[in-house]
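The values are calculated or read from the model by the stated rules, or taken from the named source; none is laboratory data. Note that the structure is a prediction, hence the values are computed from the model and not measured. All Cβ positions, even for glycine, are placed from backbone atoms using ideal geometry, and neighbour counts span all protein chains on display.
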Amino acid sequence: KKRVYTFGNGSAEGRADMRELLGGKGANLAEMNLIGVPVPPGFTISTEVCTEYNELGYEKTVELLKDEVESAIAHIEKLTGTKFGDKNNPLLVSVRSGARASMPGMMDTILNLGLNDEVVDGLAQKTGNERFAWDSYRRFIQMYGDVVLGMKPESKEDADPFEEIMDKVKEEKGIELDTEFSVDDLKGLVVKFKDAVKKRTGKDFPTSSYDQLWGAIAAVFDSWSNARAVYYRRLNGIPDEWGTAVNVQAMVFGNMGNNSATGVAFTRDAATGENIFNGEYLINAQGEDVVAGIRTPQQITLEGSRRWARLQGISEEERAAKYPSLEETMPEIYKELFEVQEKLEKHYKDMQDLEFTIQEGKLWLLQTRNGKRTGAAMVKIAMDMYRDKLIDEKTALLRLEPSKLDELLHPVFDSLAVRSAKVLATGLPASPGAATGQIVFFADEADKYEQTILVRTETSPEDLEGMHVARGILTARGGMTSHAAVVARGMGKCCVSGAGNIKLDYHARTMTIGNRVYKEGDWISLNGSTGEVYEGKVETRKPDLSGDFGLVMELSDKFARMSVRTNADTPKDARIARDFGAKGIGLCRTEHMFFEGERIKAMREMILASTTEGRKKALAKLLPYQREDFEGILEAMAGYGVTIRLLDPPLHEFVPHQQATQKALAEEMGVTIEQIRNTVADLEEFNPMLGHRGCRLGITYPEITEMQTRAIIEAALNLKKKGVDARPEIMVPLVGTFKEFKMQAEVIHDTAKKVFEERGDKIDYLVGTMIEIPRAALVADQIAKEADFFSFGTNDLTQMTFGYSRDDAGKFLPVYLDKGVLKVDPFQVLDQEGVGQLIELGTKRGRSVKKELKVGICGEHGGEPSSVEFCHRTGLDYVSCSPYRVPIARLSAAQAAV
Ligand code: ADP
Ligand code: MG
Ligand code: MG
């Protein structure tokens, strides 16, 4: 079996489409070689070896790989004319991780591997640059120490031991920047670093280059299982089995002086999607200096540089002198880089995020990948590329990640409110959106208040979880490609980075801007589209859904077979969903309508009545309320079907439990408080979810079904008179037997007939059922004889199929997910394997007796992309979901169909 794949000098054993085996980074390094982009030579150890390593352990894996790795090293030696471990002409390499899906900052990279006390002298002599050689050496020990030898501190309070040493030397010498260390300082640092390693680990720092290499390879494999990586995978649904590849690659140096540099670039704007080449670089720097936010990075293009300076309040003179663009400092290289980015985008037909290094006037590419982007940028880029005919309609649709559309649907700052808001500071518009919240300074405290803004000097991968929880992220340091910016864009979270005039005091938990001090818990607002930070809360308004978003929806409707309805209980929700393109209501719950104002009183009276007469009297009071509600909702969805579910929850949920309310009710009904109390106690159930609820209520008290039917039919007739096209569909909940459905359907039809006679007018209506009890799916062929439609209520169906109480699952589901009993929460993502069978079977049996039976789904799953795809495959007619998920479902339905 082949485990190692080499690349270099315009040829490669791998290709872009081998990302499963080589990881994204490795596959693209190979591909770049094949299309003539300059890439330092190297090799990739496949992801399969990661799995082997996890099974076999270190020793056996080294044995498996030894021959192939040694000959791959020889391959690099040949292409570079250097030798691994040779002190006169050394080969130095980087060891990099690379999973199938990019996991930014999750796995650790080691640079400058191959250095030791002798090689460093050789490197100094060969390059004539002693400072560079020693700087590279101290970085290597630092990275290797942290990543491989476990020198990284455990807790957030502890400083990195190497940084501590450096800070102390800086203090002694009275210097501030790493670049100010003299050669002797660096030599001193190396000695101190090695001592620190010896002291902490009890072992000497490895000097043999192969020992170093094997240690690094194993560390990359180990990092696949570190907590950060595991968390990221959870968050993004990446399976643990995939494993990471290891890339070993000849070093190129961006830190060899002023004609060397390193940087990252995007072929388009990752925040807005505009087709503007952009990025950041640092002269005389290596690797992650740009991303880490240690020095202020400079812009690649002149235009970008000017815009940046404006946002930072820096004059053009100061900008040109202190922060010139690459276009100005290295025009030739800039031109070459510009051409490379064009070539890469054309080749991959998607926005690319690239890493490059310039070594003494020569450009090298170190990575390219499809760039992370915000929801807005995702839509714009796909639609632009579609219009430019770079990709076709179907590809454009498949490019889009449905759940990311969500970012486009939420409020933005109201422009008037923004104009009058007090601007505290301005940073870079790192990730767009509007965020308002209370300040917190530590990622693990992001849940301290309901809405928080995480404020940090800079963020690191440890902060991931907190960044996810916070509404927005504000950093004092770091550019558009800093960790905070990249991660925030990936999450679709509002972020302002590099707001330089903010001073943080973590210890005091304060943020100072000018002479104003803000404390933890103070409210601020962030505008991720302009980089502005405002005092207090700022008003927001509805987003614009035309333009590119409209085009996406248009294309979706062209391809989708299923239609999308919404779950809505109020005219307001119905209208929101309609704006988002919902074609009908799949579930209108009536019980919420009973809680408002006066209604609850009449409802309680109905429940507590001891006779049918008493119940009817109370129901008569409820009728006008219900009719009014139904008129509102049927009108809001005029022209489309509205599925109204009859009363479903256990009655106990409506009765008063407090003494005072019980007393008032007793007075109103003219009974004693004891009678009320007894009835309340009577209604108490051991297991209300499996108790007296759903159609069981309508069967024991048919007058409830009568009243609700009357309200629905009368509402529809009233609307018809006004010229409104009302299309009610009455749904019987919690049916498990044919008889249950049949009896309720009879009550409904009888009542409708009566109302039609009274009014001398008619409308069309449907009567169907929710399939949410496993038995109903099994006897679907019987039920379908009488039913006009089925709607799978997958919340209850999941609850009853698994036997997990929805309300108590919080106690064990997290453990189940942690231990891998379940891969995902079945209440969020439809369990296709189990619950899915019931849906398939129910649909098939139902349609076996009624070919044109309308079938839909109305649980939470109706807006979850993988579940929507399942519904398409199973032949459902529609999915129904909450209003804000309608666009997501429309796109998912289209993706399932193309
Ligand atoms: P990440 O996935 O966190 O970006 P990378 O493996 O891409 O990790 O590398 C981290 C940094 O080191 C990047 O800036 C990259 O460009 C740089 N780097 C990696 N390999 C080399 C190399 N062979 N020569 C120079 N720089 C390198
Ligand atoms: Mg990288
Ligand atoms: Mg239900």
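Just one of TRP242, TRP214 is away from ligand 1 (no atom under 13 Å from the Cβ) and under 21 Å from VAL147 (Cα atoms); which is it?
On the way: TRP242 fails: under 21 Å from VAL147 (Cα atoms).
Answer to the check: TRP214.
For segment 346-358, a residue qualifies if it is more than 16 Å from ligand 1 (Cβ to nearest atom) and buried (at least 23 other Cβ atoms within 10 Å of the Cβ), and exactly one does: MET351.
Take the residues in segment 720-755 that are among the small types (Gly, Ala, Ser) and part of a helix (DSSP H, G or I), then tell me which one is farthest from ASP648 (Cα to Cα). Looking at residues that are among the small types (Gly, Ala, Ser) and part of a helix (DSSP H, G or I), I get ALA752.
Tell me which residues, restricted to segment 359-383, are more than 12 Å from ligand 1 (Cβ to nearest atom) and of a type in the set (Ser, Thr, Tyr). THR374 - this is the single residue of segment 359-383 that is more than 12 Å from ligand 1 (Cβ to nearest atom) and of a type in the set (Ser, Thr, Tyr). Among the residues of segment 320-374, those that are aromatic (Phe, Trp, Tyr) and away from ligand 2 (no atom under 13 Å from the Cβ) comprise TYR323, TYR334, PHE338, TYR348, TRP364. LEU354 falls short on exactly one of the conditions (1) part of a loop (DSSP other than H, G, I, E, B); (2) touching a Leu at 6+ places or on another chain (Cβ under 7 Å), and that condition is (1).
Of all the criteria given as (1) at pLDDT below 95; (2) within 16 Å of ligand 1 (Cβ to nearest atom), the one not satisfied by LYS404 is (2). Restricting attention to segment 83-125, the residues being in a loop (DSSP other than H, G, I, E, B), on the phi < 0 side of the Ramachandran plot and within 16 Å of ligand 2 (Cβ to nearest atom) number 9.
Identification of helices (runs of 4 or more DSSP H) wholly contained in segment 779-830 with 1 or more residues that are farther than 20 Å from ARG565 by Cβ and without any contact (Cβ under 8 Å) to a residue 12 or more places away in the chain yields 813-818.
Which of the residues spanning segment 839-898 are of a type in the set (Phe, Trp, Tyr), assigned to a helix (DSSP H, G or I) and buried (at least 18 other Cβ atoms within 10 Å of the Cβ)?
Scanning segment 839-898 gives a single hit, PHE870.
Look at (1) without any contact (Cβ under 8 Å) to a residue 40 or more places away in the chain; (2) part of a strand (DSSP E or B) and you find that THR6 fails only one, number (1). Restricting segment 244-255 to residues that are more than 15 Å from ligand 2 (Cβ to nearest atom) and crowded, with 24+ Cβ neighbours inside 10 Å, the residue that is nearest to VAL821 (Cα to Cα) is PHE253.
For the residues ILE713, ILE704, the requirement of being more than 16 Å from ligand 3 (Cβ to nearest atom) and either surrounded by 24 or more Cβ atoms within 10 Å (Cβ to Cβ) or in a strand (DSSP E or B) (or both) singles out ILE713. Evaluate segment 357-370: report whether one residue or more is touching a residue at least 60 places away in the same chain (Cβ under 8 Å), assigned to a helix (DSSP H, G or I) and among the hydrophobic types (A, V, I, L, M, F, W, C). Among the residues of segment 357-370, not one is touching a residue at least 60 places away in the same chain (Cβ under 8 Å), assigned to a helix (DSSP H, G or I) and among the hydrophobic types (A, V, I, L, M, F, W, C), which makes the answer no.
For ALA321, indicate whether it is touching a strand residue (DSSP E or B) at 6+ places or on another chain (Cβ under 6 Å) and not in a loop (DSSP other than H, G, I, E, B). For ALA321, the condition - touching a strand residue (DSSP E or B) at 6+ places or on another chain (Cβ under 6 Å) and not in a loop (DSSP other than H, G, I, E, B) - is not met.
Taking first residues from segment 251-268 that are outside the structural domain of GLY304 (by TED's automatic domain parsing) and within 21 Å of GLY81 (Cβ to Cβ) and partners that are of a type in the set (Lys, Arg) and within 14 Å of ligand 2 (Cβ to nearest atom), no Cβ contact under 9 Å between residues at least 6 apart in sequence or on separate chains turns up.
For ARG806, the conditions (1) within 15 Å of ligand 3 (Cβ to nearest atom); (2) crowded, with 18+ Cβ neighbours inside 10 Å all hold with the exception of (2).
For every residue, the table says whether it meets (1) within 24 Å of the chain's Cα centre (by Cα); (2) of a type outside the set (Ser, Thr, Tyr); (3) modelled with pLDDT of 95 or more.
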| position | (1), (2), (3) |
| --- | --- |
| GLN799 | no, yes, no |
| GLY820 | yes, yes, no |
| PHE870 | yes, yes, yes |
| TYR884 | yes, no, no |
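Close Cβ contacts (under 6 Å, 6 or more residues apart or on different chains) running from residues in segment 694-708 that are in contact (Cβ under 8 Å) with a residue 24 or more places away in the chain to residues that are among the hydroxyl-bearing types (Ser, Thr, Tyr) comprise GLY698/THR705; GLU706/THR751. With respect to being at pLDDT 95 or above, of a type outside the set (D, E, K, R) and not assigned by TED's automatic domain parsing to the domain that holds ALA425, LEU311 falls outside the description.
Can you name the residue in segment 24-68 that is away from ligand 2 (no atom under 16 Å from the Cβ), in a loop (DSSP other than H, G, I, E, B) and in contact (Cβ under 8 Å) with a residue 12 or more places away in the chain and, of all such residues, is nearest to the chain's Cα centre (by Cα)? Taking the candidates together, the pick is SER46. In summary, ARG693 fulfils each of the numbered conditions (1) farther than 23 Å from LYS754 by Cα; (2) part of a helix (DSSP H, G or I) with the single exception of condition (2).
Which ones in segment 427-454 are part of a strand (DSSP E or B) and either within 24 Å of GLY304 (Cβ to Cβ) or touching a residue at least 60 places away in the same chain (Cβ under 8 Å) (or both)? Residues satisfying the conditions are LEU428, PRO429, ALA430, SER431, ALA434, ALA435, THR436, GLY437, GLN438, ILE439, VAL440, ILE453. I'm checking my understanding of the structure. Among residues of segment 69-82 that are under 19 Å from ALA219 (Cα atoms) and either within 16 Å of ligand 2 (Cβ to nearest atom) or surrounded by 21 or more Cβ atoms within 10 Å (Cβ to Cβ) (or both), which one is nearest to the chain's Cα centre (by Cα)? Here the residue is VAL69.
Looking at GLY237 and the list (1) closer than 23 Å to MET351 by Cα; (2) modelled with pLDDT of 90 or more, which single condition is not satisfied? It fails just one condition, (2). Residue pairs whose Cβ atoms lie under 8 Å apart, sitting 6 or more positions apart in sequence or on different chains, and linking a residue in segment 126-141 that is outside any helix (DSSP H, G or I) to a partner that is at pLDDT below 90, are ASN129/MET256; ASN129/GLY257. Please determine, by comparing only the residues of segment 455-465 that are assigned to a loop (DSSP other than H, G, I, E, B) and surrounded by fewer than 23 Cβ atoms within 10 Å (Cβ to Cβ), which one is nearest to the chain's Cα centre (by Cα). Going through the qualifying residues, I end up with SER460.
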